[in-house]
1. Rank these for me by crowding, His155, His26, His10, going from fewest to most other beta carbons within 10 Å.
2. Return the ratio Rg/(2.2 N^0.38 Å) for the stretch 76-186, where Rg is computed over Cα atoms only.
3. How would Ser148, Ser171 line up from fewest to most surrounding beta-carbon atoms within 10 angstrom?
4. Charges at C-beta only: +1 for Lys and Arg, -1 for Asp and Glu. How large is the resulting dipole of the chain about its Cα centre, in Debye rounded to 20?
5. Once both labels are modelled 7 Å past Cα along the beta-carbon direction, what's the Arg156-Trp182 spacing in nm?
6. Rounded to the nearest 500 deg cm²/dmol, what is the calculated helix-only ellipticity per residue at 222 nm for the chain, with -39500 (n - 2.57) per DSSP H run of length n ≥ 4?
7. Would you mind checking the radius of gyration and Dmax of the chain based on alpha-carbon positions, in Å?
8. How big is the stretch 141-186 along each principal axis, measuring the range of its Cα positions in Å and listing the largest first?
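No lab work stands behind these numbers, since they all come straight from the coordinates. Note that the coordinates shown come from a computational prediction; the quantities given were computed from them, not determined experimentally. In this analysis, Cβ positions are derived from the backbone assuming ideal geometry, glycine residues included, and neighbour counts consider all displayed protein chains.
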Amino acid sequence: MLALAATARHAIAGLNTDLPELIVGHGVLGRLLARLVIVAGGPPPTVWEIAADRRGGAEGYPVLDPEDDPRRDYRTIFDVSGNAALLDTLIGRLAPGGEGVLAGLYPDPVQFNFPQAFMKEARLRVAAEWKPEDLTVTTMLVEQGDLSLSGLITHRAPATEAPQAYETAFSDPACLKMILDWKGLP
C-alpha cells in the first residue's frame, strides 16, 4: 500500500507539476491522489467515478458521475482509470493550456484526437512510478497521521481461496484492494 501511495505522491510531486483539479477514477490510486492534494494544502479536487459502488469513501472531496459535472475548464486533470479511450473526453474538459496527466495503467494503446488537443494547446504528461524519495516522504506522511490509508483494503480471503479472490479483485468494482491471508499455511 505504501508503494501505491508513493506512486500517487510521485504523480503530484514530479517534474513541473500542478495539483489536480479533476481526478478520473476513485479506486485506490484516485483516493490516494485526492487525499494527497488535501495534505499538500490544495483545494479539494473533484473526482469522477462511473461505478456507483466506488463513489463512497471520499474524505473531504466530491465524487461525481462524469455526466453530472458541467465543468469544462479544468487546468489539470489526472486520469488513473486506466481507460485510454477517455483521453478525448478529458482533453475536452481542459481549460486552454491545461494539462492532462496519465497516471494509471493502460493496457490498450493511448490515442487522442490531435485537432481538439491542438485547439486547447493541451499539455500531456505521463507520470512514472514512485522513486525512493517518494516512498520516504509517503512513509513520513502516514506515520505522522497526515495521510490516511484507511478504507482502501476492502476484501480479505484465505490464500487457499486465491483463484476466487483474484476473480473478485479484478472483476468486482466494489473491491479496491484484496489481501490474501496466509496464516496457518506452510
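1. Values: His155 15, His26 28, His10 21.
Fewest to most other Cβ atoms nearby, the residues stand as His155, His10, His26.
2. Values: Rg = 18.9 Å, N = 111, 2.2 N^0.38 = 13.2 Å.
So the stretch 76-186 has a normalised radius of gyration of 1.43.
3. Numbers: Ser148 15, Ser171 8.
So the residues, fewest neighbours to most, are Ser171, Ser148.
4. Values: 16 positive and 24 negative charges, 49 e Å.
Charge dipole of the chain: 240 debye, to the nearest 20.
5. Label at Arg156, label at Trp182, 1.6 nm between them.
6. Working: 6 runs with 60 residues, N = 186.
-9500 deg cm²/dmol, from helical runs alone.
7. 17.1, 61
8. Ordered largest first, the stretch 141-186 gives principal extents of 36, 29, 10 Å.
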